[in-house]
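Here is the structure we will look at, set down as structure tokens.
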Amino acid sequence: MGFLSIFKQSDEERKNLVLHGGIGKTAVLLSMPVMFMLLAQSLTQVFDNWFVYNFSTLTNGAAVSYSNTALNIAINGGIGLSVAGTAFIGRLIGAGDMEKVHKYTKQFIFLMVAAALIVSVFTMVIAPFYASLALDEIRSGVQTIMLLTPLVVPFQYFNTAYYAIKNANGKSEIQFIFTLLMMILKVIGNALFIAVMQLGVMGIVLSNFFAQATISFIVSRDIFSKNKMNVSFKGFKPDGGILRDFLKVGIPSVVTNVTMQVGFLLINLESMKFGSEILNTNSIANSITNVAYSSLNAFGTAITSMVSMNVGAQNYKRAKDMVIYVFKLVAILSIIVTVVMTIIAPVMSTLFVEEDQLELLDKVTVTQRITIFGILGFACASIVCGVFVAVGKTKIPIIINGLRIVGFRYPIILIANMFFEPNYLIIPVSTLISNNLVLLVSYILYRKIDWNDPLGNSKKIKG
């Protein structure tokens with residue numbers, strides 16, 4: 001069975017693979033779809049940065065980096081809310097109540113679009129204030145991005161709602177396909193608006209608008225077509241009860257996602273002390289290293305399915321063996337990735353920075369090398385998070401991820417700035433330290449799992 005066959009497997013075939021297949025093959029096959037999607041998302045950011053830094057200015061690059069940290073809060077709010085759509089609609093599909101599926105689908109799309117409009121208006125209102133906190137040389141670019149990008153948010157939320165509905169129907173490959181299409185559209189948009197038309201930050205906004213609006217046009221044909229999903233809003237009225245149900249399930253996920261992004265925002269604001277060059281350094285280095293981080297993060301998603309199915313079948317020993325195997329596999333892959341990325345870091349830097357900018361080249365290379373050494377801690381902690389989700393302890397991953405950004409990394413940066421002169425190394429070093437501290441915390445929590453009773457009847461861990 002080739003690794004691409006996982007896209008064609010039925011639910012029963014996938015279940016048999018997890019319960020009875022070889023552990024190594026199962027781990028790799030289940031990770032591949034998620035890995036492809038995460039890779040496509042990471043490469044989209046890489047291509048975005050490549051166009052900005054090769055066909056625009058460093059000032060525009062810094063403005064994009066500073067703005068995206070705030071805009072990601074708005075975007076991740078929608079991603080968090082979409083969890084509720086997948087949960088409720090998937091449950092109704094499982095129950096075979098297609099009338100309710102249709103009703104909840106309409107209410108969910110309405111909720112996502114309404115939330116997008118609220119978020120867009122709020123972002124536009126605070127744009128001048130957020131821009132005022134930026135450095136003088138990037139302030140104008142930040143204000144342009146912050147005022148215009150909210151026009152894209154409704155399209156993003158609409159597309160996210162569509163992916164959530166498809167995931168509820170068991171068609172998770174749809175999101176990968178559209179993620180890949182999004183990457184292609186962004187490359188076309190960047191080439192046109194940034195490279196050819198030389199529109200600077202306006203080109204960045206237009207490229208994003210072009211890609212998201214095109215995707216929305218495509219998915220709307222599926223949503224509203226009578227021969228497909230056949231969703232119609234004729235005579236539609238919001239249902240307060242259903243909307244409250246969605247919010248009860250979705251808000252915890254929204255809070256989790258937004259909290260993580262707020263942590264990054266605080267780090268970005270603290271980075272202002274180092275000047276715009278640190279924004280460019282981190283933006284370039286992180287877009288490169290995130291390709292590796294995202295790839296290994298896929299195993300954290302895979303382990304959730306592997307453990308949950310085996311625990312449900314009371315194959316506790318096999319579930320534990322799978323976790324240990326994936327830990328070892330991820331550790332080996334982390335070491336390989338670290339060695340490779342360390343070697344190729346100078347070459348990767350030259351893709352974004354001109355060779356005569358020696359100081360920036362050196363900083364981007366060093367930042368890559370330090371950041372990639374944190375991948376082992378990050379990847380293994382994501383495995384632990386996946387295990388806790390599988391055994392129903394969903395609050396533990398929130399704690400782990402919160403500690404990584406807000407509990408460890410941000411305080412490390414604050415303390416370093418108090419006792420040392422501002423230095424670009426503080427940011428990547430804080431990433432390295434926080435990832436390894438989270439690995440230690442994760443390992444301590446993991447050791448408390450009773451594999452004779454992983455669902456928690458022993459009460460050793462309360463989630």
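Scanning region 323-330 for any residue that is buried (at least 20 other Cβ atoms within 10 Å of the Cβ) and over 26 Å from Y443 (Cβ atoms) turns up nothing.
Of note, I415 does not satisfy the criterion of being open to solvent by 40 Å² or more (accessible area, probe 1.4 Å), over 19 Å from S283 (Cβ atoms), β-branched (V, I, T) and within 18 Å of the chain's Cα centre (by Cα). Exactly one residue among S65, S31, S82 is surrounded by 22 or more Cβ atoms within 10 Å (Cβ to Cβ), of a type in the set (S, T, Y) and within 30 Å of L361 (Cα to Cα), and that residue is S65.
V196 meets the conditions (1) open to solvent by less than 30 Å² (accessible area, probe 1.4 Å); (2) over 19 Å from I109 (Cβ atoms); (3) among the aliphatic types (A, V, I, L, M) in every case but one. The failed one is (1). Applying the set (1) open to solvent by 30 Å² or more (accessible area, probe 1.4 Å); (2) of a type in the set (A, V, I, L, M, F, W, C); (3) in a helix (DSSP H, G or I) to M272 leaves exactly one unmet item: (1).
Pairing each residue of region 214-225 that is over 11 Å from F155 (Cα atoms) with any residue that is among the basic types (K, R), provided the two are 6+ apart or on different chains, yields C-beta distances under 6 Å for D222/K228. If you go through region 39-59 and keep only what is part of a helix (DSSP H, G or I) and open to solvent by 30 Å² or more (accessible area, probe 1.4 Å), you end up with L39, Q41, L43, Q45, F47, D48, W50, N54, F55, L58, T59.
Is it the case, given these coordinates, that N452 is closer than 27 Å to G386 by Cα, open to solvent by 20 Å² or more (accessible area, probe 1.4 Å), in a helix (DSSP H, G or I) and touching a residue at least 12 places away in the same chain (Cβ under 8 Å)? No, not satisfied. Could you please find all residues in region 310-341 being in a helix (DSSP H, G or I) and either touching a Pro at 6+ places or on another chain (Cβ under 9 Å) or closer than 11 Å to L19 by Cβ (or both)? Within region 310-341, N310, V311, G312, Y316, R318, A319, K320, M322 qualify.
The residues of region 367-392 that are open to solvent by 20 Å² or more (accessible area, probe 1.4 Å), more than 21 Å from the chain's Cα centre (by Cα) and over 17 Å from V340 (Cβ atoms) amount to a single one, G392.
For region 157-188, filtering for residues that are touching a Gly at 6+ places or on another chain (Cβ under 8 Å) and crowded, with 23+ Cβ neighbours inside 10 Å leaves 5. Set side by side, the residues M272, M322 differ, and just one is aliphatic (A, V, I, L, M) and at pLDDT 85 or above, which is M322.
The values are calculated or read from the model by the stated rules, or taken from the named source; none is laboratory data. For clarity, every value in this text was computed on a predicted model and none was experimentally measured. Backbone-built Cβ (ideal geometry, glycine too); neighbour counts: all protein chains shown. Surface areas here come from the heavy atoms of the whole protein model, side chains and all, with no ligands, DNA or RNA. Shrake-Rupley method; radii C 1.70, N 1.55, O 1.52, S 1.80 Å.
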